[in-house]
Amino acid sequence: MILTKAQYDEIAQCLVSVPPTRQSLRKLKQRFPRYLSGVGKNGAAPVLLELANEVEYAPSLMARIILEKFLQEREETPPSKSVINSMLRDPSQIPDGVLANQVYQCTVNDCCYGPLVDCIKHAIGHEHEVLLRDLLLEKNLSFLDEDQLRAKGYDKTPDFILQVPVAVEGHIIHWIESKASFGDECSHHAYLHDQFWSYWNRFGPGLVIYWYGFIQELDCNRERGILLKASFPTDIVTLCHSTA
């Protein structure tokens, strides 16, 4: 689905939530005594999950805050981000069985954030990369994938480099990147900065497929060499001037 910015903004207004400020995060940390009191009465009850729902906060983010507070009081030093992330992915590493269970309940009941959601996103992303590979093979287009490119020494690469460039809607395409997400302004500008312009600088113009759509106005770099599509193009022109 391709939306205009106005259409996207209208939908976003219905879903938007105010991002947490430092003051609100401090208030969330102040709920640590309530957590201790709750698990003291019944350690098996979903105390942390109920606290997150009470303040309308993502359960995994609430779990992170309480875990960080617990480790800081236990070790007397702020825990590293890598330690926190590792414990959220595997709660059995948490040196408190009750808190480990509370964190687990939060992560499995969070549909937006957390390690479980990250795994789902990764699986969906891989699924669409496989789909793109199959479509390229179906069109008899020669390509190199990320693994082959890294074996050649490239550190930052798109999903596929076309060994023979093609044309799509009058634009030359050297590479294709698959994104199993919706292309909003924030994510697209980050991708441009961190990935797409680097690909363009190294490999030339390319195509980005946002399988779940994008904001129409973001497709504004075609003349500079980055084309956006919401599906695999059907009008690919090869060097023999025929539609693939």
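Taking DSSP loops as anything outside H, G, I, E and B, show the longest stretch in the chain free of GluC sites (Glu not before Pro) there with at most 16 other beta carbons within 10 Å.
Numbers: sites that count: Glu56, Glu76, Glu169, Glu223.
Looking at the chain, 77-168 is the longest stretch - no exposed GluC sites (Glu not before Pro) with at most 16 other Cβ atoms within 10 Å.
For region 163-211, report the accessible area per residue in Å² (1.4 Å probe, heavy atoms, rounded to an integer).
Working: 2100 Å² over 49 residues.
Spelled out: the 1.4 Å probe surface of region 163-211, per residue, equals 43 Å².
Loop-only trypsin sites (Lys or Arg not before Pro) in region 58-151, please: DSSP not H, G, I, E or B, and at most 16 other Cβ atoms within 10 Å. Show your work: numbers first, answer last.
Numbers: sites: Arg64, Lys69, Arg74, Lys81, Arg89, Lys121, Arg133, Lys139, Arg150; in loops: Lys139.
Within region 58-151, the qualifying trypsin sites (Lys or Arg not before Pro) (loop, at most 16 other Cβ atoms within 10 Å) are Lys139.
Taking 29 Å as the cut-off for C-alpha to C-alpha distance, list the pairs among Lys81/Lys179; Lys5/Lys152; Lys5/Lys121; Lys5/Lys139 that go past it. Walk me through the numbers on the way to the answer.
Numbers: Lys81/Lys179 27 Å; Lys5/Lys152 40 Å; Lys5/Lys121 25 Å; Lys5/Lys139 33 Å.
Pairs exceeding 29 Å: Lys5/Lys152; Lys5/Lys139.
For mean projected area of the Cα convex hull in nm², the choices are [x] 16.3; [y] 14.9; [z] 13.8; which was calculated from the structure?
After the calculation, the listed value that fits is [x].
Please state the relative contact order of the chain as a whole percent: Cα pairs under 8 Å, 6+ residues apart? Before the final figure, lay out each step's value.
Details: 306 pairs, mean separation 41.0, N = 244.
Relative contact order of the chain: 17 percent.
Give the longest segment of the chain that steers clear of chymotrypsin sites (Phe, Trp or Tyr not before Pro) in DSSP loops with at most 15 neighbouring Cβ atoms within 10 Å, not counting the sites themselves. Provide the component values of the computation, followed by the final result.
Values: sites that count: Tyr154, Tyr212.
Result for the longest clean stretch: 1-153.
Can you tell me the orientation of helix 5-15 relative to the chain, as the angle in degrees between its alpha-carbon axis and the longest Cα principal axis, to the nearest 10?
The angle comes out near 20 degrees.
Rank these by accessible area, largest first, 1.4 Å probe: Lys179, Lys156.
Working: Lys179 20, Lys156 90 Å².
Largest accessible area first, the list is Lys156, Lys179.
Using the alpha-carbon atoms, what tilt in degrees (0 to 90, nearest 10) does helix 32-41 show relative to the longest principal axis of the chain?
On a 0 to 90 degree scale, this one is about 60.
Mind ranking His128, His122 by accessible surface for me, highest first, 1.4 Å probe?
On the way: His128 20, His122 140 Å².
Correct descending sequence by accessible area is His122, His128.
Can you list the residues, at least 5 places off or on another chain, whose amide H is less than 5 Å from the amide H of His174, using H built in the peptide plane?
So His174 has HN proximity to Gly206, Leu207.
Starting at the first residue of region 225-239, write each ³J(HN,Hα) from the Karplus equation 6.51 cos²θ - 1.76 cosθ + 1.60 with θ = phi - 60°, in whole Hz, x for Gly and Pro.
Once θ is set to phi - 60°, the couplings for region 225-239 become x, 10, 9, 10, 9, 9, 7, 5, x, 9, 10, 6, 10, 8, 5 Hz.
Counting only protein heavy atoms and using a 1.4 Å probe, what share of the accessible area of the chain belongs to carbon plus sulfur, as a whole percent? Can you show the working numbers first?
On the way: 7500 of 14160 Å².
Answer for the chain: carbon and sulfur cover 53 percent of the accessible area.
Per residue, how much accessible area does region 68-134 have with a 1.4 Å probe, in Å²? Mind dumping the intermediate values first?
Working: 4170 Å² over 67 residues.
So region 68-134 comes to 62 Å² accessible per residue, rounded to a whole number.
Using 0.36 nm times the number of residues separating Val164 and Asp118, minus their current alpha carbon distance, what extension gain do you get? Working shown, then result.
Working: separation 46, 0.36 × 46 = 16.56 nm, distance 3.44 nm.
Gain on stretching Val164 to Asp118: 13.1 nm.
Is the C-alpha gyration tensor of region 121-160 telling us rounded, prolate or oblate? Criteria: a/c under 1.5 is rounded; beyond that, a/b larger than b/c is prolate, otherwise oblate.
Working: a/c = 3.23, a/b = 1.15, b/c = 2.80.
In terms of gyration-tensor shape, oblate.
Can you compute the helix-only [θ] at 222 nm over the chain? Use -39500 (n - 2.57) per DSSP H run of at least 4 residues, normalise by all residues, nearest 500 deg cm²/dmol. It would help to have the intermediate numbers written out before the result.
Working: 11 runs with 119 residues, N = 244.
Estimated from H runs of four or more residues: -14500 deg cm²/dmol.
The values are calculated or read from the model by the stated rules, or taken from the named source; none is laboratory data. Quantities reported herein were computed from a predicted structural model and do not represent experimental measurements. Every residue, glycine as well, gets a Cβ built from its backbone with ideal geometry; the counts of neighbours run over all protein chains shown. Side chains included, ligands, DNA and RNA excluded: accessible areas come from the protein's heavy atoms. Shrake-Rupley method; radii C 1.70, N 1.55, O 1.52, S 1.80 Å.
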